[in-house]
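The values are calculated or read from the model by the stated rules, or taken from the named source; none is laboratory data. Not measured: the values here are computed from a predicted model. With ideal geometry, Cβ positions are generated from the backbone for all residues, glycine too; neighbour counts draw on all protein chains shown. Side chains included, ligands, DNA and RNA excluded: accessible areas come from the protein's heavy atoms. Shrake-Rupley method; radii C 1.70, N 1.55, O 1.52, S 1.80 Å.
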Amino acid sequence: IRFAYVTEADALSGSRYASGAVVLHKAGLLVDSNYEKVKLRYPGTSIKAESLLTFLEDKWTPLVGQFTMKTAEAYVMKGLPVLTLYSRAGVEQDAKLYRYYVSRMRKIAKVTPEVLFTIADPEEIQNQLVTDISKHSDTAVAIVAEGVWYEMDASFSSEGLKTFVKAFLAGEIEGVPVKRPEPTPLGGLADDGEEDDTDTDVVNTS
């Protein structure tokens, strides 16, 4: 997550945040406003480090995010099953195919909040359990939950993915234990409340 502090009058002019606000902007290439909020406002009129941290941890993930070496630990620490589509069709390498996969995953992710949905480059993650992907368009889909790997047998499709997720949630799939380092918790921090898109008074940082 990158942080910025804006005070320029020209930048604030005409915005709903001119009176002061903390706003999380999700990565533009990874979100679709038809399915999720692109901007989320930190609740409250004063900034508390602990609750801001909790807000960011809870809200930064898009419906379908990128599972990389940088984001892996953050996803694991959320404590939910993580479904990953392994494909070499990256957002920059093959934007058209990437959008094809993401658009179908979003529809299922929208109605399945108990599972986190991601896309990963198998060469970057180098997961030994990923099925061989020899062609650019080949894919593998798996869910990791509580140290257990559940892989989808069928080829990628909207119906196939929906069936796989439904079977996983019903406990109808057998998995394979995986070994990986346990994440270090950042602490059980309480949130101030839900995000609020309404204007607030000047933010007090004291």
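Between residues in the stretch 9-33 that are closer than 30 Å to R99 by Cβ and residues that are at pLDDT below 75 and surrounded by fewer than 13 Cβ atoms within 10 Å (Cβ to Cβ), which pairs lie under 8 Å by C-beta distance while being six or more apart or on different chains?
R16/D197
Residues being more than 20 Å from Y101 (Cβ to Cβ) and surrounded by 14 or more Cβ atoms within 10 Å (Cβ to Cβ): count how many of those fall in the stretch 150-173.
2
In a loop (DSSP other than H, G, I, E, B) and crowded, with 20+ Cβ neighbours inside 10 Å: does that describe P62? Talk me through it step by step, then tell me what you get.
Numbers: in a loop (DSSP other than H, G, I, E, B): yes; crowded, with 20+ Cβ neighbours inside 10 Å: yes.
When the stated conditions are applied, P62 passes them.
Report every pair of residues separated by at least 6 positions or lying on different chains whose Cβ atoms are under 9 Å apart, first residue within the stretch 142-154 and within 16 Å of I119 (Cα to Cα), second open to solvent by 20 Å² or more (accessible area, probe 1.4 Å) and of a type in the set (S, T, Y).
Partner pairs satisfying both residue conditions: A142/T131; A142/Y150; I143/Y150; V144/Y150; E151/T131; M152/T163.
Looking at (1) farther than 12 Å from L30 by Cα; (2) assigned to a helix (DSSP H, G or I); (3) small (G, A, S), which is the one condition that is false for S103?
(1)
Residues P185, P181, P177: which one is in contact with a strand residue (DSSP E or B) (Cβ under 9 Å, 6 or more places away or on another chain), modelled with pLDDT under 90 and open to solvent by 80 Å² or more (accessible area, probe 1.4 Å)?
The conditions single out P177.
Would you please name the residue that is nearest to F117 (Cα to Cα), looking only at residues in the stretch 1-27 that are loosely packed, with under 10 Cβ neighbours inside 10 Å and within 20 Å of the chain's Cα centre (by Cα)?
By that ranking, first place goes to I1.
Count, please, the residues in the stretch 90-105 that happen to be open to solvent by less than 80 Å² (accessible area, probe 1.4 Å) and more than 17 Å from T163 (Cβ to Cβ).
Going through the stretch 90-105, the residues open to solvent by less than 80 Å² (accessible area, probe 1.4 Å) turn out to be 90-91, 94-95, 97-98, 101-105.
Checking the rest, the ones that are also more than 17 Å from T163 (Cβ to Cβ) come to 90-91, 94-95, 97-98, 102-103.
The total comes to 8.
Determine if the stretch 67-76 includes at least one residue that is assigned to a loop (DSSP other than H, G, I, E, B), open to solvent by less than 40 Å² (accessible area, probe 1.4 Å) and either charged (D, E, K, R) or out of contact with any helix residue (DSSP H, G or I) (no Cβ under 8 Å at 6 or more places or on another chain) (or both). Show your work before the answer.
The first filter runs over the stretch 67-76 and keeps only residues assigned to a loop (DSSP other than H, G, I, E, B), leaving 67-71.
Subset that is open to solvent by less than 40 Å² (accessible area, probe 1.4 Å): 67-68, 71.
Filter once more, so that each one left must be either charged (D, E, K, R) or out of contact with any helix residue (DSSP H, G or I) (no Cβ under 8 Å at 6 or more places or on another chain) (or both): 71.
Yes, there is a match, as at least one residue in the stretch 67-76 is assigned to a loop (DSSP other than H, G, I, E, B), open to solvent by less than 40 Å² (accessible area, probe 1.4 Å) and either charged (D, E, K, R) or out of contact with any helix residue (DSSP H, G or I) (no Cβ under 8 Å at 6 or more places or on another chain) (or both).
Applying the selection to the stretch 111-129, what residues are at pLDDT below 70 and surrounded by 16 or more Cβ atoms within 10 Å (Cβ to Cβ)? Lay out the reasoning, then the answer.
Of the stretch 111-129, the ones at pLDDT below 70 are 126-129.
Scanning the stretch 111-129 gives a single hit, N127.
Can you find a residue in the stretch 32-39 that is among the basic types (K, R), open to solvent by less than 40 Å² (accessible area, probe 1.4 Å) and not in a loop (DSSP other than H, G, I, E, B)?
Going through the stretch 32-39, the residues among the basic types (K, R) turn out to be 37, 39.
Those still in the list that are open to solvent by less than 40 Å² (accessible area, probe 1.4 Å) too: none.
Checked against the condition, which is being among the basic types (K, R), open to solvent by less than 40 Å² (accessible area, probe 1.4 Å) and not in a loop (DSSP other than H, G, I, E, B), the stretch 32-39 yields no hits at all.
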